[in-house]
Amino acid sequence: MTLHIGAIDDDRSILRTLEMLAAVEGWRMRTTSEPEECLEWVRLDEVDILLMDYNMPVMNGLQLIRRARKISRNLVIAILTVEDSPELAAKLILAGADDFITKPVRQADFTARIRLHQRLASQREQMNWEERKKGISKNTLRKVLDVLKEFQSPRDCDSVASACGLAYVTAHRYLEYLAERGLVIRTHGRLGGRPGRPKTYYAVPAPTAFDKEEQHD
């Protein structure tokens, strides 16, 4: 499985460093400074490991961990920090953090920590029996989601299958699985369909703003 990493930090230079370090290892890296975008990755299951800064202006690391853990228990979360406080570390672990990566981030340490947590992410993925029973591949699932987001408008199964290079039945299985999980919206219409047999269209819902009350935990 291709490793997908997400990173959120309000310092763009840190994010650029992380992108370069991940590129050396051939890992896929998404970066942002926006909590809403980060939570959308988690909601759509687009990352295996999430790196997050603790000191951020809109939502700090503790608040973001709590939000992310409400969405996913399998996600591996590592905190990027210069803090050296046992009390803070205990709070973050209790909230759901798996590890800490010290700033400034060095290639050797970064690679070692990510490889360690790649195994943890794989173990947690193996425990996801629901997807395994249905023959769902996470890489294909992410590919279907990426294609739907690129379309920016509802598309039918034929369009998705063609764009992903999948057989119709395979694309349909993934689209229906995503719809069952609430990750895509399923609608019906007659565009291009026969009378009495409307086509089914799929689209990724627009991201919603995070609950503002969570910002003040």
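Please treat every number below as a calculation from the coordinates, not as lab data. What you are looking at is a predicted structure, and each value in this text was computed from that prediction instead of being measured. Cβ atoms come from the backbone with ideal geometry, glycine included; neighbour counts cover every protein chain shown.
For the chain, modelled as a GNM whose springs connect Cα atoms under 10 angstrom apart, the maximal fluctuation among 90, 161, 179 occurs at 90.
When +1 charges are put on Lys and Arg Cβ atoms and -1 charges on Asp and Glu Cβ atoms, the dipole computed for the chain relative to its Cα centre reaches about 1180 debye.
Pairs of lysine residues in the chain that meet both criteria, 8 or more places apart or on different chains and Cα atoms under 18 Å apart, total 4.
Its residues counted as N, the chain yields a C-alpha radius of gyration over 2.2 N^0.38 Å of 1.12.
Over the stretch 135-203, the hull volume per residue, using the convex hull of the C-alpha atoms, is 87 Å³. The charge dipole of the stretch 135-203, taken about the Cα centre with unit charges on the Cβ atoms of Lys, Arg (+1) and Asp, Glu (-1), comes to about 120 debye, rounded to the nearest 20. Please say if the stretch 4-127 is rounded, prolate or oblate, where rounded means a/c under 1.5 for a ≥ b ≥ c the square roots of the C-alpha gyration tensor eigenvalues, and otherwise the choice is prolate for a/b larger than b/c and oblate otherwise? It is rounded, given that a/c, with a ≥ b ≥ c, falls under 1.5. Towards the positive end of the charge dipole of the chain, with charges on Cβ (+1 Lys, Arg; -1 Asp, Glu), say which of 38, 100, 160 has the farthest Cα. Positive-end residue among those listed: 160.
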